Structure formats: C-alpha cells, structure tokens
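Presented below is the structure to which this report refers.
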2 protein chains.
Amino acid sequence: MPQPLDVAFIAGSTGTWRIDGLNALKGDSLPTAARLEVFEGAEAAKVQDGSRRLRGVTSNTRYTKREEAVDLASKQADLGRTEATRAVLITIRKSAAWWDLAQDERRAIFEEQSRHISIGTEYLPQVARRLQHSRDLGEPFDFLNWFEFAPEHTDAFNEMVGRLRQTAEWRYVDREIDIRLSR
Amino acid sequence: MPQPLDVAFIAGSTGTWRIDGLNALKGDSLPTAARLEVFEGAEAAKVQDGSRRLRGVTSNTRYTKREEAVDLASKQADLGRTEATRAVLITIRKSAAWWDLAQDERRAIFEEQSRHISIGTEYLPQVARRLQHSRDLGEPFDFLNWFEFAPEHTDAFNEMVGRLRQTAEWRYVDREIDIRLSR
C-alpha cells in the first residue's frame, strides 16, 4: 500500500464530472454546483479551503482481514476505466455512538452483522471504488466514498447501496449525501 | 469519546516543558531546542507549519477491544496531574510492511504477540498517556506518544518502554525519537 494519498473534491462551474443530482439522505445538504473536479496528491494539497471543497485521504484498511483483502484485490477494478462514465460520491458522517464503540464492536457491526465487505465484493469488478477518510482532518464528513461504473451498471450500483443502507451499520450514519455524476 | 482533538508540539526557546534530552533511537533525528509547548484544539490549529512543529490528532481506538477499553478506563490517570513533572514524547514511524498488513494481522502482532495493551496497563495509573495519530495528516511520523509521570516513576516508565521495544511490533518501527521533558 502506498503512503496515504490526499484527495480533494471541488464543486464549481468547471470540472471533469457533471453533477446530475445531489440528494441529502440524512442531515444537512451541501450547496450544489454544475460540475465537480477531483484533485490528488500535491494538487489536492494546494486546493484552498472553502465551502465547496471536501478533502480526504486514502489510508490503511481499518476492518479488512487478510483473506478479505486478498479476495478484494483479486476482483476489484481501477478507477479511470474508459467505459466508467458514471460516478457517485457518497459523503458519510457517523454518530458519536459509533466512534465510542471499541474496535471489535465496530468490526462485528461492519462485517459480521452488516456484511459490508461481502456486499461490496458482489459488485466487483463492475463498481470501482476508493474510500477517503476525513474524520481526523477536521472535515464535516468522516468518509468520502467514490464509485465509478459504466452506465449499464447503474441499477447494480443502486441495488448495492440500497442493501447497505438497510444494515445495522447504517443506523450509525447521521449525515449522508449521495451525489450523482457523469462525464 | 469526544471528536478528534488537534494537538501541536512546538520546540523553541519558550514553553512549559524543558527538553532534558532527545535521543534518535532509529532513523533521522530532529533539531533539538531548549523547551517544548503543547497546544490543543483551536490553538493547535493556529500553529504555523515549520521544522520545529509536530502535529497529531487524538482519534478513535484502532485495536482495543471492549474488555480492554473498560480495563484501561478503570485504571488510567488524566494528563496534567500536579505531581507529574516528567513527560516523554516518543515519535514513531512504522514501515510500509506494517501498513501493508491487514487489520487482523496488525491486531495479532500488536496485542496477541506483543502484548502492547497489556504491558501498558501494568504501568497505570502511574504513567498517564495520550496517543496522537499523524500518518493521515502527511506528517513525518505516524504516531506522537505523550506520557506524564512523577519523578519517582521514571524507572518504571523506562522499564515499560524497554519491554515494548523488544516486541515483534517494534520490528516494524523504522523511525523513533525519545524526547525527555520536565517542568
């Protein structure tokens, strides 16, 4: 695994991705815009703070066991595939009750109860993804979840997030915004 | 658990703590100085970047199980005790090999093999401590470990870190600086 990668998402009048919809599923919404750009590494670090900027960092896995990591690595696709002209950014904050849990309690809810890794794995390689952590950066969300897929896999993607949103883990989500994008 | 707390450690000519020694046990050293100040929260966020500034954030536990957390909480002391006129800042970076491990592999090395939590618990409440995470902030170290104790517990503290440095976990430490302080 490489060192943590800074990633910044900037909403504005320009950007690679067109914002097709922004849906605040829980908690306060965000200002919308016409387009979104994604900056990585040194470029992300140069981005100015502001209300239309979300920032996160890729990091080490927090719950994934070795056998799960091997399975994921054998199935997952990279970001940036030519055919993946749809993207979704799902911004998540979890409650204090979640963060108060010990590591073994969070793991048990995340996977043994909610099958988060297992459900996600079913949609590989069609849905490519990258998780950015934001909580320790003092950001408004704890996680910025980025997904890319071809238009014909939109239904599968919706099914996946629908299943995850019914899990025990999701009862700890206290703010969630689902941003649909295309290019 | 409160939200993550920003903490900044600033070496310079002023500060609450006198720097009595700085020992680079592994990897490159740091510039030393006469004194050290610790800033928290909004004050930490205002501190300018620079070569004499280390920054971290308290965060959720990463390896601790519920029964361990309950045991720690029942025994540990707060920072800032009047009698705790000795402090130690141990700055740690772990290797890529460590961060490449899956969660269950890191937990097994951390506690089942190295007894990191168990060893630390033996020295409670004499040695108070707080862990700051730095890796996801793009800092030179992954962890900033802060300890406070009364002078008569210095030998116990040295015994504790001596035991930890002989563990399997410590084979993944590739930079470590031990900074001794008094007030």
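The values are calculated or read from the model by the stated rules, or taken from the named source; none is laboratory data. Everything numeric here is computed off the predicted structure, so don't read it as measured data. Glycine gets a Cβ as well: all are built from the backbone with ideal geometry, and neighbour counts include every protein chain shown. Side chains are part of the model used for accessible areas, which takes the heavy atoms of the whole protein and leaves out ligands, DNA and RNA. Shrake-Rupley method; radii C 1.70, N 1.55, O 1.52, S 1.80 Å.
Checking every residue in the stretch B:115-135 against the condition of being surrounded by fewer than 18 Cβ atoms within 10 Å (Cβ to Cβ), farther than 28 Å from A:Thr61 by Cβ and aliphatic (A, V, I, L, M) gives at least one match. The sole residue among B:Gly27, B:Gly21, B:Gly12 that is more than 14 Å from every other protein chain (Cβ to nearest Cβ) and either open to solvent by 40 Å² or more (accessible area, probe 1.4 Å) or free of Cβ contacts under 8 Å to residues at least 24 places away in the same chain (or both) is B:Gly27.
Scanning the stretch A:74-115 for residues that are away from every other protein chain (no Cβ under 13 Å), in a helix (DSSP H, G or I) and in contact with an Asp or Glu (Cβ under 8 Å, 6 or more places away or on another chain) yields one hit, A:Gln113. Would you say A:Pro4 is touching a His at 6+ places or on another chain (Cβ under 9 Å) and either touching a residue at least 40 places away in the same chain (Cβ under 8 Å) or open to solvent by less than 90 Å² (accessible area, probe 1.4 Å) (or both)? Judged against the criteria, A:Pro4 is a match. Within the stretch A:42-73, restricting attention to residues that are more than 20 Å from the chain's Cα centre (by Cα) and modelled with pLDDT of 95 or more, which residue is most open to solvent (accessible area, probe 1.4 Å)? Within the stretch A:42-73, the match that is most open to solvent (accessible area, probe 1.4 Å) is A:Glu67.
May I ask you to list the residues in the stretch B:139-161 that are free of Cβ contacts under 8 Å to residues at least 60 places away in the same chain and under 28 Å from B:Arg52 (Cβ atoms)? Scanning the stretch B:139-161 gives B:Asp142, B:Asn145, B:Asn158, B:Met160.
Conditions tested, residue by residue: (1) modelled with pLDDT of 95 or more; (2) over 29 Å from A:Ala34 (Cα atoms); (3) hydrophobic (A, V, I, L, M, F, W, C); (4) open to solvent by 20 Å² or more (accessible area, probe 1.4 Å).
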{"position": "A:Asp104", "(1), (2), (3), (4)": "yes, yes, no, yes"}
{"position": "A:Arg107", "(1), (2), (3), (4)": "yes, yes, no, yes"}
{"position": "A:Asn158", "(1), (2), (3), (4)": "yes, no, no, yes"}
{"position": "A:Leu164", "(1), (2), (3), (4)": "yes, no, yes, no"}
{"position": "A:Thr167", "(1), (2), (3), (4)": "yes, yes, no, no"}
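Restricting the first member to the stretch A:118-138 and to residues that are more than 12 Å from every other protein chain (Cβ to nearest Cβ) and assigned to a helix (DSSP H, G or I), and the second to residues that are open to solvent by 50 Å² or more (accessible area, probe 1.4 Å) and modelled with pLDDT of 95 or more, the beta-carbon pairs closer than 7 Å and six or more apart or on different chains are A:Ile119/A:Arg163; A:Thr121/A:Asp71; A:Thr121/A:Lys75.
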